[in-house]
Amino acid sequence: MNGATSRNYNIMRPAAFDPFALRLYLRTHKIADLPELKRVLGTATALTVFRKLKQLGYIASYTHRGRFYTLTDIPRFDDRGLWSHQAVWFSRHGTLLSTVEAFVLASPNGYYADELADVLHAEVQEPLRHLVQRERLSRTEVDGQFLYTSIETPDRRNQTMARRSAQAVPLAVHSADLEVSPDELKAAIILFYGLLDEQQRRLFAGLESIRLGHGGDTLLGDFLGLDAHTIARGRQQLLDRNIVTGRIRRQGGGRHPAEKKRRT
């Protein structure tokens with residue numbers, strides 16, 4: 001090879017971009033978008049960036065249309081497999097589509113779209129529609145809303161039954177293994193509730209109201225036939241640790257006993 005040919009070859013040969021620069025940048029900043037990574041690597045070509053990222057191991061965000069990237073060993077995923085940095089979310093499951101599918105399949109009582117959007121911090125209507133069309137998920141109407149569940153018949157039935165039970169009986173703890181109908185469960189709870197005295201009923205309702213959160217007083221009032229103010233009082237008693245033991249009412253409460261008249 002003569003000198004001129006050698007010089008031409010050196011001019012045409014692509015630069016050997018060092019992936020260490022990307023690693024160092026992402027270690028420092030945690031996440032970055034494509035324009036940032038191009039600048040760090042010193043290239044105008046997206047393909048070059050992705051080739052180097054592949055060598056390092058990377059994942060894309062499932063929010064922000066997958067616009068941000070991080071290295072696979074940077075995220076500290078929570079129990080649900082999610083991790084975020086600066087309001088950008090990443091999933092152990094990968095894309096938004098895969099994450100939506102994994103969450104619905106793992107849920108004991110399925111998901112409504114708005115519930116899933118709150119959990120994932122992302123719009124999920126389009127992924128859900130796509131998964132139903134591809135027959136990877138199923139949807140069933142429950143109380144005027146679409147419940148998204150597994151496509152497999154036994155799992156779908158269990159998820160739907162658990163959801164109906166949860167809505168019919170707000171104070172029950174539910175799982176995918178629930179084997180009684182909502183009516184049977186409701187009857188059992190009402191029977192138990194009827195065995196309690198006045199204070200115990202109020203405190204029981206107050207405790208369940210705390211567990212249910214916003215709207216719990218109204219929900220329990222309808223279910224137990226109890227005034228919402230009574231439930232609120234029971235809840236406050238628990239929070240204040242203001243409990244009377246050994247009697248239903250406080251000493252001095254209730255009607256005063258009538259004094260017996262002595263026969264003259």
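The values are calculated or read from the model by the stated rules, or taken from the named source; none is laboratory data. Everything quoted here is computed from the prediction, not taken from an experiment. When the accessible area is computed, the model is the full protein with side chains, heavy atoms only, and any ligands, DNA or RNA have been set aside. Shrake-Rupley method; radii C 1.70, N 1.55, O 1.52, S 1.80 Å.
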For K30, counting only aspartates and glutamates whose alpha-carbon sits under 17 Å away and dropping same-chain residues fewer than eight positions off, the answer is D73, D78
Could you work out what % of the accessible surface of segment 23-80 is carbon and sulfur, using a 1.4 angstrom probe and leaving DNA, RNA and ligands out of the count? 51 percent
For segment 109-156, what is the accessible area per residue in Å² when the probe is 1.4 Å? 57 Å²
